[in-house]
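Some notes on the structure that comes next.
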Amino acid sequence: MDFRQNLTEILQESLSKPSIIPPGYVLGSCFLGLGIMGLISPAQAELAFPVRQNEDDGEEEDSSNVHPAARGSGITRVLRAHLYSKASRDLVFGLSFFALQYQGNMRAVVALEGLVTIVGFVDGFAVWKYGAEEARPLAWSYWTWSSSILAIAGTRLLFLPSNQ
């Protein structure tokens, strides 16, 4: 038995057994957490996605209807709208992971894992291109995590038993 065949058997056996915590629920929880954080506190979400706007890109919101943590943060109405739409995107991803995992559709969970990495690469590019100079290293964390998840998803998809 050669190395590749042995590795294939080991991976197929490990993927056919149920995980202690199914990956769809883990990633779903991460995305739901990001989405909820973005809806509740866009100022905190802006720390994780530090893309600032120019002063002339929109008026800063009236501080009377802004969460105390966001007052004076310089978040404009346009940026706040963007952060809300990013939060809703994360909520949709999280709920999709939960629904697919609940249905036991592992091929779809793995495919969605691969697809959401596109979002990570694009978010990293946006932070690199439009973020402040000191925020640029954060782009590498987006790209590193996206690459890792893509590699794991690709490996899982290659060795996932055909009946799942």
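Here are the numbers for this structure:
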| item | result |
| --- | --- |
| Accessible-area order (highest first, 1.4 angstrom probe) of the listed residues 106, 37 | 37, 106 |
| In Å², nearest 10: area of residue 128 left accessible to a 1.4 Å probe | 90 |
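The values are calculated or read from the model by the stated rules, or taken from the named source; none is laboratory data. This structure is a prediction, so every number in the text was calculated from the model and none was measured. The area values use the complete protein model at the heavy-atom level, side chains included, leaving out ligands, DNA and RNA. Shrake-Rupley method; radii C 1.70, N 1.55, O 1.52, S 1.80 Å.
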